[in-house]
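A.B. asks: Input: one structure, supplied below.
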Amino acid sequence: FIRFLSRLSNIPITVEPEALVFAAASPSTPINVKMSDTTVRAALEQAIGPRLSFEAAAGQLLIPDTHKMAEIGYQVDDLAAGEAGLQQLRQTVADLIEPDLWSGGAVEGAVAEGEVSPSLRAEGNKLIVRASPSTHVRILMFCQKLRLARAEPLLYSFPPELFQLTPRRERAAAKLATPLSLNFGRPTPLVDILARMERETGMRILVDWQALATADWNPDGVATLNANKQPLGEALSSLLLPLDLTWRVVDGGTVQVTTPEVLASRVELEFYPAADLLDGSDPAALLARIRTELGPDRFRRVKAASSIVS
């Protein structure tokens, strides 16, 4: 429906997949709309409201409205013991979830009246978070996955499959390995090539048009591709890298086309079992070894001395 509306109106529409969780929706959620003599705004409002909102910026639309701040309290007494534990958990969340967002004292103290900037504070047995929908989802994901890692019961009524500990790239491995044979020797709209790849493999392929606009791309952009029994992941790279574009895995059945700059700026959190590697040794030593083996440039510095959560 979003693609249809985008083509009909010539307005690039980006769906932020992670931010759909609180609306109990996904990019494949069915839409039922019957309207005539309508507008793009009215059609969207009927199709995705009242669960989702959207915002307009620079000639584009974004679903949902990621600048719409909301304050939510997350119960974490099962994850943090006492005031000291709660404060440590708050700092860990600030270090691991969009660390650039929590600046200027946004992780401390109460929110001033009328304040709309992001904030993260500890009160009682809760983390009180004021943030955009996508940030809320990342914090929810972290808390729920931490419960799974500790063999604790999940809280809230979201589907448990949302919080799998298996890294997303591993969950998507089978579909990314699907062999693909396509020949677009003549310049063809990129959206048409992606739609064909989606039909052939069953992998949902979204486009972050807001990111692509910074690289002077729009839905009219064209590309070529010659793939002969090439795995989907390799075919995506063959298609996008010559265009100075790239892709990321959203979940086991979804990828998103974006730019290398936006991909590099994202902080994506995964959980990896390490009990057999620790074996009673110092967690900081393991972290240092991982950084050395993979290269320090692959990691961001955070305020805390260690970002391991036992």
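The values are calculated or read from the model by the stated rules, or taken from the named source; none is laboratory data. What you see is a predicted model, and the numbers here were worked out from it, not measured in a lab. Cβ coordinates were reconstructed from backbone atoms using ideal geometry, including for glycine residues, and neighbour counts include every protein chain displayed. Accessible surface areas use protein heavy atoms only, side chains included; no ligands, DNA or RNA. Shrake-Rupley method; radii C 1.70, N 1.55, O 1.52, S 1.80 Å.
A.B. asks: Give me the number: length gained by fully extending N226 to A285, i.e. 0.36 nm times residue separation minus the C-alpha to C-alpha distance, one decimal in nm.
C.D. replies: Taking 0.36 nm per residue and subtracting the Cα distance, the gain is 16.6 nm.
A.B. asks: Can you give me the distance in nm between label points at A24 and A47, each placed 7 Å from the Cα along the Cα-to-Cβ direction?
C.D. replies: 2.2
A.B. asks: Residue by residue through segment 200-217, which ³J(HN,Hα) values in whole Hz follow from phi under the Karplus form 6.51 cos²θ - 1.76 cosθ + 1.60 (θ = phi - 60°), with glycine and proline marked x?
C.D. replies: Using θ = phi - 60°, the values come out as 6, 10, x, 7, 5, 10, 9, 10, 8, 5, 5, 5, 5, 4, 5, 9, 6, 9 Hz.
A.B. asks: Moving to a separate point now. Hey, can you rank 84-93, 64-73 by average C-beta count inside 10 Å, highest first?
C.D. replies: 84-93, 64-73
A.B. asks: For the chain, the longest stretch holding no chymotrypsin sites (Phe, Trp or Tyr not before Pro) located in a DSSP loop with at most 15 other Cβ atoms within 10 Å is which?
C.D. replies: For chymotrypsin sites (Phe, Trp or Tyr not before Pro) (loop position, at most 15 other Cβ atoms within 10 Å), the longest site-free span of the chain is 2-155.
A.B. asks: Shape call for segment 180-303 from the C-alpha gyration tensor, a ≥ b ≥ c root eigenvalues: rounded (a/c under 1.5), prolate (a/b greater than b/c) or oblate?
C.D. replies: Prolate shape, in that a/c is at least 1.5 and a/b is the bigger ratio.
A.B. asks: Taking the Cα centre of the chain as origin, sum charge times position over the Cβ atoms of Lys and Arg (+1) and Asp and Glu (-1), and report the length of that vector in debye to the nearest 20.
C.D. replies: 680
A.B. asks: Which length gain, in nm to one decimal place, applies between A81 and T292 when the Cα-Cα distance is subtracted from 0.36 nm times their residue separation?
C.D. replies: 72.7 nm
A.B. asks: Counting only helical runs of four or more DSSP H residues, what would the 222 nm mean residue ellipticity of the chain come to if each run contributes -39,500 (n - 2.57) and the total is spread over all its residues?
C.D. replies: Counting only the DSSP helices, I get -9500 deg cm²/dmol.
A.B. asks: Additional query: Roughly how many percent of the accessible protein surface of the chain is carbon and sulfur, given a 1.4 Å probe and a whole-percent answer?
C.D. replies: Roughly 52 percent of what the probe reaches on the chain is carbon or sulfur.
A.B. asks: Work out, in µm²/s and without decimals, the Stokes-Einstein translational diffusion coefficient of the chain at 10 °C, 1.306 mPa s, Rh from Kirkwood over C-alpha pairs.
C.D. replies: Rounded, D is 74 µm²/s.
A.B. asks: In a Gaussian network model over the chain where Cα atoms closer than 10 Å are linked, find which of G124, G221, G280 has the largest mean-square fluctuation.
C.D. replies: In this elastic network of the chain, the residue with the biggest mean-square fluctuation among G124, G221, G280 is G280.
A.B. asks: Another question about this same structure. So if R0 is 25 Å, what FRET efficiency would N10 and K68 give, r being the distance between their Cβ atoms, rounded to the nearest 0.05?
C.D. replies: The calculated FRET efficiency here is 0.50.
A.B. asks: Any idea how far apart L162 and R3 come out in nm if each label point goes 7 Å out from Cα toward Cβ?
C.D. replies: 2.5
A.B. asks: Compute the relative contact order of the chain as a whole-number percentage, counting only Cα pairs closer than 8 Å that sit 6 or more residues apart in sequence.
C.D. replies: Relative contact order, the chain: 17 percent.
A.B. asks: Here's a follow-up. Between T188 and L263, what is the FRET efficiency for a Förster distance of 30 Å, r being their Cβ-Cβ separation, to the nearest 0.05?
C.D. replies: Taking R0 as 30 Å, the efficiency between T188 and L263 is 0.80.
A.B. asks: Additional query: With +1 on each Lys and Arg Cβ and -1 on each Asp and Glu Cβ, and nothing else charged, work out how big the dipole of segment 6-53 is about its Cα centre, in Debye to the nearest 20.
C.D. replies: Dipole size: approximately 120 debye.
A.B. asks: Report, in whole Å, the centroid distance computed from the Cα atoms of segment 179-204 and segment 233-285.
C.D. replies: Going from one Cα centre to the other spans 23 Å.
A.B. asks: Based on alpha-carbon positions alone, could you give the equivalent ellipsoid semi-axes of segment 49-105 from the gyration tensor, as √(5λ), descending, whole Å?
C.D. replies: 32, 15, 8
A.B. asks: Find which of S53, M203, A19 sits farthest along the positive direction of the dipole of the chain, computed with +1 on the beta-carbon of Lys and Arg, -1 on that of Asp and Glu, about the Cα centre.
C.D. replies: So the residue we want is M203.
A.B. asks: Just how large is the dipole of segment 163-231 about the Cα centre, in debye to the nearest 20, putting +1 at every Lys and Arg Cβ and -1 at every Asp and Glu Cβ?
C.D. replies: Charge dipole, segment 163-231, about its Cα centre: 360 debye, nearest 20.
A.B. asks: Can you work out the FRET efficiency for the pair L154 and S36, with r the C-beta to C-beta distance and R0 = 45 Å, to the nearest 0.05?
C.D. replies: 0.50
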